[in-house]
Protein chains: 2
Amino acid sequence: MSLTELESHISFGGEQKRFKHASLTLNCEMNFSIYLPPQYKTQALPVLYWLSGLTCTDENFTTKAGAQAYAAELGLILVMPDTSPRGEQIANDDAYDLGQGAGFYINATEQPWQKNYQMFDYISVELIDLIDNNFNTNGKQSIAGHSMGGHGALMLALRHPDLYYSASAFAPIVNPSQVPWGQKAFRHYLGNDPQAWQTYDSCFLLEHYQAEPFPILIDQGTADNFMPEQLQPEALEKIAKNRNWPLTLRLQQGYDHSYYFIASFIENHLAFHKQYLS
Amino acid sequence: MSLTELESHISFGGEQKRFKHASLTLNCEMNFSIYLPPQYKTQALPVLYWLSGLTCTDENFTTKAGAQAYAAELGLILVMPDTSPRGEQIANDDAYDLGQGAGFYINATEQPWQKNYQMFDYISVELIDLIDNNFNTNGKQSIAGHSMGGHGALMLALRHPDLYYSASAFAPIVNPSQVPWGQKAFRHYLGNDPQAWQTYDSCFLLEHYQAEPFPILIDQGTADNFMPEQLQPEALEKIAKNRNWPLTLRLQQGYDHSYYFIASFIENHLAFHKQYLS
């Protein structure tokens, strides 16, 4: 579990770093970015994992969200993994919504994806171990993400309430088994039986959830072109209401699907998670 | 002077837009980005022009600096021009520090650059007219920039104290006629006579400045690889001290030349300019 440092920059008094490591889960070399706030020099801190959307790497959020300013105030470590396995030897597809850059945070069971596309285990097992073993964390973590990464954050937290104290998302795919992006990915990665898709669908998971509820915050821009067909956050909100689940959905007037939207509200998300990680 | 809108995003309650227009000064089509804060809906506002560094376009600062958060609080319009004329028909060079992406904010007198490389006039005449005619500004502006753009900001303000209320820079090239980046660019754009270079050199300009002083703020990272050979901000600070000029140079411990450095201190720069633009 050794790390190779690729980059290091001082940012808001803390350190913005990028590492590569050999992933045993994904059978390839992976990059991740990490922000260590100024408080890290003197104390163990909680971690917020950020899962990015389709086509992204670990660098989109790192360079565009402006989150370091708020993580530095709140004393949060931020960890930004990549969105899929990567490399010339790794299965891929020409489409932007399948293959590299589009891992969907699932464990693939179908060929040619099975060998490398094990992002569910990578994020929830290997990466947490890697971070906890190499950085001075306090053992607490929450999870957030955007679009495909919003799906990943909600779904992982619903599957692993033992791991994550809170979950939040920007414009998440909440019901992937019912929308084109999710159906395409799940058919390729998980096969044609929709039953196999349900354990990666946040709407299904919330409906059947049995453990103690944890808080969820969702922001959705009303000018987001993907909202009507791909996102539909109201579907998750409806289930949450029926189950008295602590879910807040905020419809943000005029905002779109871009990082300008994320940057505008990331301070709220970090403050939200900080409450539960303290 | 008509504008074509290329992009529009809501950002921190305001609008982040990108336009193209036909530049009469540069004889080509140019893009610029502009941030209109929420206060813009109800009042005329001052403008901060941001000049970027080598290899950048109007988009680097726009997507990476996180400045919109603070411009939205302070009620500042931000305008981000490109760093040179652009296009297949425009003179260029394979090097990153000459030609497209490396306009150095001068008016070229040499071939093949003269026809298009008139960035000094573009920024200080055409762009200000374009912005004031198409947006509800209050007629006041200041100027800031990074590296080559820090040179541009300081030099333009020293040449045009009639136009700019204040100037600030991150890691500026303050003495371009004495350092490799500036000497190479000036030799190509302005010819071999170093006398022709002086009117674009902030150290020379500050030494010979006769009008009313205006405030200057400079941030320089101490881990910036370019500091010793290319930047040397102490040279400008020394002249300022001799002339009792209101210049503040802050050496920021451990910061490098990247946008992580800019993002960490851009709030201070916007607040600095706001004082003089109110």
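The values are calculated or read from the model by the stated rules, or taken from the named source; none is laboratory data. Please read all numbers here as calculations on a predicted model, not as lab measurements. Here Cβ is always computed from backbone atoms with ideal geometry, including for glycine, and neighbour counts include all displayed protein chains. To get the accessible areas, we keep the full protein, side chains included, count just its heavy atoms, and leave off ligands, DNA and RNA. Shrake-Rupley method; radii C 1.70, N 1.55, O 1.52, S 1.80 Å.
One residue stands out in region A:69-79 among those that are in a helix (DSSP H, G or I) and either of a type outside the set (Ser, Thr, Tyr) or touching a strand residue (DSSP E or B) at 6+ places or on another chain (Cβ under 7 Å) (or both): the one that is nearest to the other protein chains (Cβ to nearest Cβ), namely A:Ala69. Going through region B:90-126 one residue at a time, which ones are more than 25 Å from B:Asn175 (Cα to Cα) and touching a Ser or Thr at 6+ places or on another chain (Cβ under 9 Å)? Within region B:90-126, B:Ile90, B:Glu126 meet the criteria. Exactly one residue out of A:Glu267, A:Glu237 is within 17 Å of the chain's Cα centre (by Cα) and either within 14 Å of chain B (Cβ to nearest Cβ) or surrounded by 14 or more Cβ atoms within 10 Å (Cβ to Cβ) (or both), and it is A:Glu267.
What residue, among those in region A:200-225 that are small (Gly, Ala, Ser) and open to solvent by less than 20 Å² (accessible area, probe 1.4 Å), is nearest to the other protein chains (Cβ to nearest Cβ)? The residue in question is A:Gly221.
Checking B:Pro37, B:Pro46 one by one, the residue that is open to solvent by less than 50 Å² (accessible area, probe 1.4 Å) and within 14 Å of another protein chain (Cβ to nearest Cβ) is B:Pro37 and no other. If you check B:Leu251 against the conditions, is it within 14 Å of chain A (Cβ to nearest Cβ) and out of contact with any Phe, Trp or Tyr (no Cβ under 8 Å at 6 or more places or on another chain)? Answer is yes for this residue. When each of B:Gly13, B:Gly66 is tested for being more than 22 Å from B:Gln275 (Cα to Cα) and either in contact (Cβ under 8 Å) with a residue 60 or more places away in the chain or within 11 Å of chain A (Cβ to nearest Cβ) (or both), the lone residue that passes is B:Gly13.
Only one of these conditions is not met by A:Thr248: (1) within 21 Å of A:Gln178 (Cβ to Cβ); (2) surrounded by fewer than 16 Cβ atoms within 10 Å (Cβ to Cβ). Which number is it? So the condition that A:Thr248 fails would be (1).
When B:Pro37, B:Pro81 are checked against the criterion of being touching a residue at least 40 places away in the same chain (Cβ under 8 Å), closer than 22 Å to B:Trp181 by Cβ and in contact with a helix residue (DSSP H, G or I) (Cβ under 8 Å, 6 or more places away or on another chain), a single residue qualifies: B:Pro81. Just one of (1) open to solvent by less than 40 Å² (accessible area, probe 1.4 Å); (2) more than 16 Å from the chain's Cα centre (by Cα); (3) not aromatic (Phe, Trp, Tyr) fails for A:Lys20. It is (1). Just name the residue that is least open to solvent (accessible area, probe 1.4 Å) out of those in region B:109-135 that are over 20 Å from B:Gly150 (Cβ atoms) and touching a helix residue (DSSP H, G or I) at 6+ places or on another chain (Cβ under 7 Å). Here the answer is B:Trp113. Number of residues in region A:77-92 that are open to solvent by 60 Å² or more (accessible area, probe 1.4 Å) and closer than 16 Å to A:His188 by Cα equals 1. Could you say whether any residue in region B:152-166 is at positive phi, in contact (Cβ under 8 Å) with a residue 24 or more places away in the chain and within 13 Å of the chain's Cα centre (by Cα)? Checking region B:152-166: not a single residue is at positive phi, in contact (Cβ under 8 Å) with a residue 24 or more places away in the chain and within 13 Å of the chain's Cα centre (by Cα).
Taken over region A:97-134, the criterion of being at positive phi and assigned to a loop (DSSP other than H, G, I, E, B) is satisfied by A:Gly101, A:Phe104, A:Tyr105.
Residues in region B:71-105 that are under 17 Å from B:Lys140 (Cα atoms) and under 15 Å from the mean Cα position of the chain (by Cα): B:Ile77, B:Leu78, B:Val79, B:Met80.
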